1. Measure out, as a whole number of angstrom, how far apart the alpha-carbon centroids of the range 352-420 and the range 493-557 sit.
2. Quick check: net charge around residue 331, other residues with Cβ under 12 Å of its Cβ, Lys/Arg +1 and Asp/Glu -1?
3. Report ³J(HN,Hα) in whole Hz for each residue of the range 121-128, in order, from the Karplus equation J = 6.51 cos²θ - 1.76 cosθ + 1.60 where θ = phi - 60°; Gly and Pro get x.
4. Please list log₁₀ I(q)/I(0) at q = 0.22, 0.26 Å⁻¹ for the range 296-379, using the Debye equation with identical point scatterers on the alpha-carbon positions.
5. Would you calculate the separation in nanometres between label points at residue 474 and residue 97, each defined as 7 Å from the Cα along the Cα-to-beta-carbon direction?
6. Take every Cα pair under 8 Å in the range 93-202 that's 6+ residues apart, average their separations, divide by the length, and report that relative contact order as a whole percent.
7. What's the carbon and sulfur percent of the chain's accessible surface, probe 1.4 angstrom, rounded to a whole number?
8. Net charge near residue 16, counting Lys/Arg +1 and Asp/Glu -1 over other residues with Cβ under 11 Å of its Cβ?
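The values are calculated or read from the model by the stated rules, or taken from the named source; none is laboratory data. Worth saying up front: this structure is predicted, and the values here are computed from it rather than measured. Glycine also receives a Cβ, built like all others from the backbone with ideal geometry; neighbour counts cover every protein chain displayed. To get the accessible areas, we keep the full protein, side chains included, count just its heavy atoms, and leave off ligands, DNA and RNA. Shrake-Rupley method; radii C 1.70, N 1.55, O 1.52, S 1.80 Å.
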Amino acid sequence: MDDAAKVQEESVQCDLCKERTIKANCKLCSVQLCKECVGEHISDETTPHDIVTVDQKKSPLMYPPCPKHSGETCDKDCIDCNCPVCPSCVDSEEHAHHAFRSILELVDVKKENIANEMECLQKMATSYENETAEIEKRISNLEKGYRKINVAVDKQRKVWHEEVDCMVDKLKSDIKKMKNKQRTVLKTHLQSITKLIDDLNSAIEEIKEVLSSGDVSESLDYEGKLAEFKKLPPTLKSTFPIFTPLKVQRRELRKLFCSLTPPSITAVESTHAPKCSKPLEVLSEQCLLEEPKVEGIVETGYDFLRNVTCSREEEFWVSNWNCEMKNIDTKGSLLKSFRTKSGEMACDVAIAKTNELFYTDVKNRTVNKFTDGCIEELIKLQNWKPLNLCITSSGDIMVTMYNDAETQSKVTRYTGSTEKQTIQFDDEGKPIYSANNKIKYITENKNSDICVADWGAGAVVVVSHLGKVRFRYTGHAASSQTRPFKPRGITTDSKHQILTADHHNNCIHVIAPTGSFLRCIDNCRIENPYGISLDKSDKLFVAEFYSGKVKVIQYMK
């Protein structure tokens, strides 16, 4: 049996028992399971799971071979390097401290985007077909329109009799040329549209082959063709010549016989492309409750409540303007508390997967870790002061900060206490974030984007994990905004949607991962929201600044 056959045979065996045929797989753990082993796998509650059944009628998945390790296939994608990796690559020094995700997750996203692209191309093809019908109708109406003009000319000719015959013949010749020219232009435009439709249909057929193929590499290597067709051809607007009869004046026969205005044919740029029926924003919107509801209200005992971060199930940490932080359950019971070393407030708090609590201390310029009742100083800044922080899926610490002169702001990524990445300027050398000491809550999205609620800029700024600016969200007219948009807390859910607290307008904005406004949670009597957080079931915890309450809101189906 050759290597390919062995890989094919192993791909249908359970990864746990190595005996039975797979019936399901865990998308988050990249593990293939038989029916008997599913229960054992999900019994590990320390790790989230996403079990999906396997349709045995479908052709087995063919993972791309690893170019660096013979005989191994790539079942994961390295987020830092943006490339497929095999288990040996994951364990190698080259990918040390990198973040990974299942390659199936990447393929699902790619195929969804490809399917959406096919839908857009089909819409374009339909639009162009309608355009050809309109052009053909215009061509068929040319004879009728020009016949009316010729009739008017003949009536005028009878008035002028013999002396104008020569002029009329010349005039009709001019009209014929105009007609031929107009027909030529329209037919040429028709031919270009027809060719574009043929190209679109060819592209759609190619996409169908990719979507129906079981070869993962074809999906990964697919290069979208949408950009080739996105700019629509100009729409031709044309008019007929205008014949205006004049009184007979023999001295200036040609001038006075009539005026003939040539038809106008102008190219008008299309203002929009045909829309897909199910863009990503709609897919996200389908998972939202029509009416969000409050599931609980927790009294924290704090005034001026700033931060909230979910920890274990039914538990969360809170902090306010003083130096104390509390661990509270959803019934309002105090589980534990501690104070900062400096005696000053914690600017922000965050929880790691290991349930360790991290906080920033502006006065000491430090990022600290609280575990087992002890505070450990992890990061000490020089000439910069830390503001807000989050813990990424890979365990890195992302910190927003400003310099002592309050003229610069940036985001820095740390692995432990080692600086790994700085995000400060865009490709044109311009600052990404507002240069001041205003709060900048930060979170990592499930697609590895870094989202910052930049209060000073009045915007949610989203960059890729490489620091490339994706978009800036500055509020939306459809929300309940009456005062300027100044975002505070920020978090992301399991659907990659971004949520941010609109403190002055007493609502929460829900934003698609592409930057589009989805909805505003403004029906739960939220008062001055500040920090926000989500638990594992996507329940939203909102810290109300003045009341000191934490409201638990269900907004997802």
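1. Between the Cα centre of the range 352-420 and that of the range 493-557, the gap is 24 Å.
2. -4
3. Working through the residues one at a time gives 5, 5, 4, 4, 4, 4, 4, 5 Hz.
4. Ignoring solvent entirely, the Cα scatterers give -1.05, -1.42.
5. So the two model labels end up 3.7 nm from each other.
6. 48
7. Accessible surface attributable to carbon and sulfur in the chain totals 49 percent.
8. -2
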